[in-house]
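S.K.: Please read through the structure below; I'll follow up with questions.
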């Protein structure tokens, strides 16, 4: 059974003080064997370096703890996937000002990636999805959104493989309750550090580069694992997107999907 653990980095708002990026993504656990690998690696890291009540939270972790956690988890077989939305490139931001709408839009892209993976790898069971809790979000909100998508006349052209997705297999949980959600936090936050400028106008791509083994399983190279929507100005490639090319070689990456 495949499980997708999801977290987000950044904000949905469009004010002058909002983040430029909203990143929704996480870790895909393809099988119970991978789950066992992840649990073993996580528990070994915790017992060797942390206190008994510790759990990973990227924002609270030191630089060295972040790198240590990344190195512990990156060879477990988990697949990193994400959708990164560059809000300044959205032509009609007024269409996304309803609560959760931009989050759900990114989540839909992400679920497309995950259900396509299930189809391509011969998964017979439905995909289980664990979302990190966020203020005010309820499963009814997501189920209502998915119901509207399914009832749309355009659903026949949808890339989602709906047979793998069931409302009763989607769950909300705090990060500390699931190791997979903590890995999801690490994935989206690492991408966020590479894309979102700091208060000093700098970008940190070390975390996402060290995570690169998680992006290179099967067909899930950078080109397939991370999607940027709707695109970024060409000038951004030199200051914040160089990590795309550092490990991806000449795979023909572009601003929409890499």
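The values are calculated or read from the model by the stated rules, or taken from the named source; none is laboratory data. All values reported here derive from a predicted model rather than from experimental measurement. Every residue, glycine among them, receives a Cβ derived from its backbone with ideal geometry; neighbour counts consider all protein chains shown.
S.K.: Going through 187, 129, 149 one at a time, which residue ends up being part of a helix (DSSP H, G or I) and at pLDDT 95 or above?
M.R.: It is 187.
S.K.: Just wondering, is there one or more residues in segment 92-103 that are in contact (Cβ under 8 Å) with a residue 40 or more places away in the chain, farther than 28 Å from residue 41 by Cβ and crowded, with 21+ Cβ neighbours inside 10 Å?
M.R.: yes
S.K.: Output the residue which, of all residues in segment 36-54 that are touching a residue at least 40 places away in the same chain (Cβ under 8 Å) and crowded, with 17+ Cβ neighbours inside 10 Å, is nearest to the chain's Cα centre (by Cα).
M.R.: Filtering segment 36-54 for residues that are touching a residue at least 40 places away in the same chain (Cβ under 8 Å) and crowded, with 17+ Cβ neighbours inside 10 Å, the one nearest to the chain's Cα centre (by Cα) comes out as 38.
S.K.: Is it the case that some residue within segment 57-77 is over 21 Å from residue 210 (Cα atoms), touching a residue at least 24 places away in the same chain (Cβ under 8 Å) and in contact with a strand residue (DSSP E or B) (Cβ under 9 Å, 6 or more places away or on another chain)?
M.R.: no
S.K.: May I ask you to say which residue of 209, 137 is within 19 Å of the chain's Cα centre (by Cα), modelled with pLDDT under 95 and outside any helix (DSSP H, G or I)?
M.R.: 137
S.K.: When you go through (1) in contact with a strand residue (DSSP E or B) (Cβ under 9 Å, 6 or more places away or on another chain); (2) crowded, with 19+ Cβ neighbours inside 10 Å; (3) closer than 29 Å to residue 37 by Cβ one by one for residue 169, which number turns out not to apply?
M.R.: Unmet condition: (2).
S.K.: For segment 212-230: of the residues being modelled with pLDDT of 85 or more and not in a helix (DSSP H, G or I), which is farthest from residue 67 (Cα to Cα)?
M.R.: 230
S.K.: Of all residues being under 19 Å from the mean Cα position of the chain (by Cα) and surrounded by fewer than 17 Cβ atoms within 10 Å (Cβ to Cβ) in segment 112-134, which is nearest to residue 178 (Cα to Cα)? Just the residue, please.
M.R.: Applying the filter and picking the extreme gives 133.
S.K.: Then there is this: For residue 139, state whether it is in contact with a strand residue (DSSP E or B) (Cβ under 7 Å, 6 or more places away or on another chain), on the phi < 0 side of the Ramachandran plot and exposed (fewer than 15 other Cβ atoms within 10 Å of the Cβ).
M.R.: yes
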